[in-house]
1. Residue under question is residue 195, and the condition is that it be within 15 Å of residue 223 (Cβ to Cβ) and either assigned by TED's automatic domain parsing to the domain that holds residue 225 or at pLDDT below 85 (or both); does it hold?
2. State whether the residues of region 127-137 include one that is at pLDDT 95 or above, outside the structural domain of residue 244 (by TED's automatic domain parsing) and out of contact with any helix residue (DSSP H, G or I) (no Cβ under 6 Å at 6 or more places or on another chain).
3. Quick check on my filter: what residues within region 198-222 are crowded, with 22+ Cβ neighbours inside 10 Å and more than 16 Å from residue 186 (Cβ to Cβ)?
4. With a cut-off of at least 2 residues that are within 23 Å of residue 154 (Cβ to Cβ), name the helices (runs of 4 or more DSSP H) lying wholly within region 60-123.
5. Tell me which of these residue 5 doesn't satisfy, since it passes every other one: (1) farther than 21 Å from residue 110 by Cα; (2) in contact with a helix residue (DSSP H, G or I) (Cβ under 8 Å, 6 or more places away or on another chain); (3) in a helix (DSSP H, G or I).
6. What is the residue count in region 153-173 for residues that are surrounded by fewer than 19 Cβ atoms within 10 Å (Cβ to Cβ) and assigned to a helix (DSSP H, G or I)?
7. Across region 138-152, which residue is nearest to the chain's Cα centre (by Cα) among those that are part of a helix (DSSP H, G or I) and farther than 15 Å from residue 173 by Cβ?
């Protein structure tokens with residue numbers, strides 16, 4: 001009875017009721033309401049369109065992706081944000097080209113959600129676009145781009161991740177260090193060793209942390225040198241890294 005009432009509420013003359021009905025149907029997992037929610041993507045009220053896109057991300061499938069792709073071009077930025085989020089939830093590879101285009105949207109939250117969605121989908125076809133987005137002027141967007149790249153674990157992302165390690169945004173730098181610390185590549189080790197000499201102490205700290213994760217003994221001389229770093233957090237990361245490397249060597 002309640003579900004039927006909510007479905008009927010999608011036709012209410014009051015936009016706030018239509019919006020809340022769409023949200024509730026999504027939360028309740030009512031897949032039978034998908035056709036109605038697809039129609040609501042064209043509602044004259046932006047909040048209704050926003051909630052309908054969000055609900056379709058919970059309920060939908062590949063068949064709903066095409067409608068959400070159109071919503072990526074909605075005049076309302078929040079609708080575009082919700083459409084990008086929904087496409088990420090659906091993990092539709094067909095959405096990758098349009099989501100890459102959305103990385104250039106005028107709204108930073110749209111760009112962030114597009115990056116998050118691309119990370120969720122996990123297609124290597126998105127790597128070039130994500131690497132370009134590392135130059136986004138918005139720090140939070142760059143952070144989400146790095147997070148997306150970390151999910152792909154592709155060696156083709158190494159140059160971009162090494163660049164992201166130097167990002168002024170500490171969270172972006174930290175995310176890059178975490179994934180670089182899992183990529184046993186000579187290019188990664190060389191890049192991290194060079195980063196130990198960056199002027200930014202946060203970069204040096206994260207580089208030492210990543211070298212400790214890798215457990216490569218070639219990093220020992222540079223990490224010993226970093227024990228004399230002017231920054232206490234760098235020194236702490238260096239000694240921790242040396243301990244990790246020693247632990248890895250003893251296990252081997």
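The values are calculated or read from the model by the stated rules, or taken from the named source; none is laboratory data. Please read these numbers as outputs of a predicted model, since none were measured by experiment. No Cβ is skipped: glycine too gets one built from the backbone with ideal geometry, and neighbour counts run over all protein chains shown.
1. yes
2. no
3. Listed by number, the residues that qualify are 203, 204, 205, 206, 208, 209, 212.
4. Details: elements: 62-71, 77-90, 96-102, 108-121.
Passing ranges, in order: 77-90, 96-102, 108-121.
5. Result: residue 5 fails condition (2) only.
6. 7
7. Restricting attention to region 138-152, the residues satisfying the condition of being part of a helix (DSSP H, G or I) are 139-152.
Within this subset, residues satisfying the condition of being farther than 15 Å from residue 173 by Cβ are 148, 151-152.
Details: 148: 4, 151: 8, 152: 10 Å.
The qualifying residue nearest to the chain's Cα centre (by Cα) is 148.
For every residue, the table says whether it meets (1) at pLDDT 95 or above; (2) surrounded by fewer than 22 Cβ atoms within 10 Å (Cβ to Cβ); (3) touching a helix residue (DSSP H, G or I) at 6+ places or on another chain (Cβ under 7 Å).
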site: 94; (1), (2), (3): no, yes, yes
site: 97; (1), (2), (3): yes, yes, no
site: 102; (1), (2), (3): yes, no, yes
site: 105; (1), (2), (3): yes, yes, yes
site: 109; (1), (2), (3): yes, yes, yes
site: 117; (1), (2), (3): yes, no, yes
